[in-house]
1. Going by what's in this entry, would residue 401 be described as at pLDDT 95 or above, hydroxyl-bearing (Ser, Thr, Tyr) and in contact with a strand residue (DSSP E or B) (Cβ under 6 Å, 6 or more places away or on another chain)?
2. Anything in the range 79-95 that is free of Cβ contacts under 8 Å to residues at least 24 places away in the same chain, in contact with a strand residue (DSSP E or B) (Cβ under 7 Å, 6 or more places away or on another chain) and not in a strand (DSSP E or B)? List them, or say none.
3. Do the conditions hold for residue 257, that is, is it outside the structural domain of residue 394 (by TED's automatic domain parsing), among the hydroxyl-bearing types (Ser, Thr, Tyr) and touching a residue at least 24 places away in the same chain (Cβ under 8 Å)?
4. Tell me, yes or no, whether the range 38-55 has at least one residue that is of a type in the set (Asp, Glu), in contact (Cβ under 8 Å) with a residue 24 or more places away in the chain and crowded, with 19+ Cβ neighbours inside 10 Å.
5. For the condition within 13 Å of the chain's Cα centre (by Cα) and surrounded by fewer than 24 Cβ atoms within 10 Å (Cβ to Cβ), what is the one hit in 227, 297?
6. Restricting attention to the range 20-46, which residues are closer than 20 Å to residue 70 by Cβ, among the small types (Gly, Ala, Ser) and touching a Gly at 6+ places or on another chain (Cβ under 8 Å)?
7. Name every residue in the range 149-164 that is in contact with a Ser or Thr (Cβ under 6 Å, 6 or more places away or on another chain), crowded, with 16+ Cβ neighbours inside 10 Å and among the hydroxyl-bearing types (Ser, Thr, Tyr), in order of residue number.
8. Taking the range 94-127 on its own, how many of its residues are surrounded by fewer than 19 Cβ atoms within 10 Å (Cβ to Cβ), polar (S, T, N, Q) and within 30 Å of residue 165 (Cα to Cα)?
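The values are calculated or read from the model by the stated rules, or taken from the named source; none is laboratory data. As the structure is a computational prediction, the values presented were derived from the model and not from experiment. When we count neighbours, we look across all protein chains shown, and the Cβ atoms used for this are built from the backbone with ideal geometry, even at glycine.
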Amino acid sequence: MSSRHGGAARSDDPYFPQHGNGGYRVAHYDLELDYKPLPGRLDGRARITAVATQTLPSFTLDLEQFRVARVAVNGKPAKFSLRSGKLHVHPARAVHSGAEFVVDVRYVGTPRPVRSTWGDLGWEQLDEGALVASQPTGAPSWFPCNDHPSDKATYRIAVTTATPYTVVANGKLVSRRVGASATTWVYEHASPMPTYLATVQIGPYELVPFRSHGGSVPQRAAVPAGLMKRFRHDFADQPAMMETFEELFGPYPFGEYAVVIVDEDLDVPVEAHGLSIFGRNHVDGHRGSERLIAHELAHQWFGNCVTLGSWRDIWLNEGFAAYSEWLWSERSGGDSAGAHAARVRARLATLPQDLVLADPGAARMFDDRVYRRGALTVHALRVVLDDGPFFALLRDWVATYRDSVATTADFVALAERHAGRSLKSLFDAWLFAPKLPVLPQPGA
């Protein structure tokens, strides 16, 4: 993050320099949200606990299109202005470098998604309720934040809304206060997470547990009543997926895992910290989206527990999640990862050879080639290392960078440590050159 004196209103991320802020690190977000679904009005209070990394006569937060009623720093009113997606805060006294400080923001308005190359991001009003899918830059659509993946924090999210609705957010449900017309749901998430993975889901859902198959991870779902039968069939193997991925990647990194089935079609499912969101089109009664169920679950290790340090490293999220689809396939009686890899490489070979996986550019960070070539890179590494060292590497990756951030350079260094030799030629070809390499062959 940038460290210009006074606190920068820009980050140093080359893909989204307008998101993220310099001069401090956030430790905790405490959000109190009162949402009225029919008018779509959100009345919010955010209490942000942070630590200054330099002296701050002023600083900024990312926030979109709300009316800010009050800002206080360490309990004292602060001057502020909101313009161009930045809340500029001028505390009564400068915050000294190394000091912890608390920012209180009261804001109100109708949250609207942030427009982007990939469509609307962030808080979206539904016919009944709301959903939040923020990746990569939608978090400022619903709360003031330091919107950069490298700044992970713990959260408390309290949502008050109409009593007929169910609220699901990140973490553990610690209380629910039911009133005649409104109910307050309080979730606490003790694992540090980036802003883009924070979420709130509001709708007429039924909360149901999964059968755990003897596993130790609590799993639950929020499902519209009319989709329950199809959901129970399509997601029946998710507990077995959890056990498989724990064996391959190490223990599940959070306290529990939830899925939400939205009663609307979604282009793709969306991962959040400790939960995933699917559309009604992803429950067809024929397990047509089983690979996507595996993909989103795998993100809890790759992307959520270990988070990319910069958006250019997006392959570390999507390549490993895509490869996990193939791992589940071979573990559940389907095609092997090698068979999937051969087909995908043949398909990618017919496409333009102009994407550098380790730095695809902001416009192409969600290009399908990032997912598929990322998975091929992981498979190539598996072939070169053999299964024993390869899966030891994956478990070490998650354990080493648990609840933290990591980069492509970090992964390359750890892979070479497990290989006991340089892997420069392999990674240069797969990560840093646009031409699609030939897959290595076992035993070669």
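1. Yes; evaluated as a whole, the condition is true for this residue.
2. The answer is 92, and nothing else.
3. The answer is yes for residue 257.
4. no
5. The match here is 297.
6. none
7. 160
8. 2
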